[in-house]
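Structure record follows, encoded as structure tokens.
Just so it is clear, none of the values below were taken in a lab; they were calculated from the coordinates. The structure displayed is predicted, hence computed values, not measured ones. Note that we place each Cβ from the backbone using ideal geometry, even for glycine, and neighbour counts take in every protein chain shown.
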Amino acid sequence: MSVEVELVGSFAEEEECVRAVSALKRGGIAFRVFSPIPSEHLLHAIGKRLSPVRAFVLIGGIAGVLTGLAVTVGTSWEWNLVAGGKPVVSMPPFIIIMFELMVLFGGLSAALSFFFFAGLPSLDSIPGYSERFGADRFGIAVACSEADSSKIESLMREAGAEDVSHEDPLAHVLVSHFGGQ
């Protein structure tokens, strides 16, 4: 039975973290990456595609325009008020309402789809995460067996890791579920 250990590497520069991610991917090793900034280079190295949130924002915007059109035209036909000989359905004033509903529906769909795809709210802390990864350091966490830990640690150090620490994943589970320090 192999003993699991969590290796956490800390990197000062984005390029070093990208090199480590590439080396770990070449080795077929599963990992988690933490970044203090949005990084296209890291996303490309990890192999992540563009976010599907964009499609939901587009769908929400289109739904808002169609809802605005349906509400304004439907209301005008229902009440059928002719004011000053103008047509009952006149598009220029309706464009404002369609625009406002497009922004409203697009914004709501953006927020909801972001929370859904980000897995928020997450009530358990992520193993390997440290506050320094949200401030000024990049981090990589790898769950591996004790036998593979020296190989993975050397991969991270060769890529430029400042620090590689060993954490016990079972201790993290106990802390997060039982409230220990």
Neighbour cut-off at most 15 other Cβ (10 Å), DSSP loop, chymotrypsin sites (Phe, Trp or Tyr not before Pro), the range 68-168:
129
Would you please state the base-10 log of I(q)/I(0) at q = 0.17 1/Å for the chain, with intensities from the Debye formula using one equal scatterer on every alpha carbon?
-1.08
What helices does the chain have that are whole DSSP H segments, at least 24 Å long along their own axis by Cα, and with mean Kyte-Doolittle hydropathy of 1.6 or more?
91-118
Over the chain, relative contact order from alpha-carbon pairs under 8 Å, at least 6 apart, %:
49 percent
Trypsin sites (Lys or Arg not before Pro) within the range 10-87: DSSP coil, no more than 14 neighbouring Cβ in 10 Å:
48, 49
Hey, if you put +1 on the Cβ of every Lys and Arg and -1 on every Asp and Glu Cβ in the range 60-165, which of 160, 115, 134 ends up farthest toward the positive end of that dipole?
115
Rg/Rg_globular for the range 53-118, with Rg_globular taken as 2.2 N^0.38 Å and Rg from C-alpha atoms
1.40
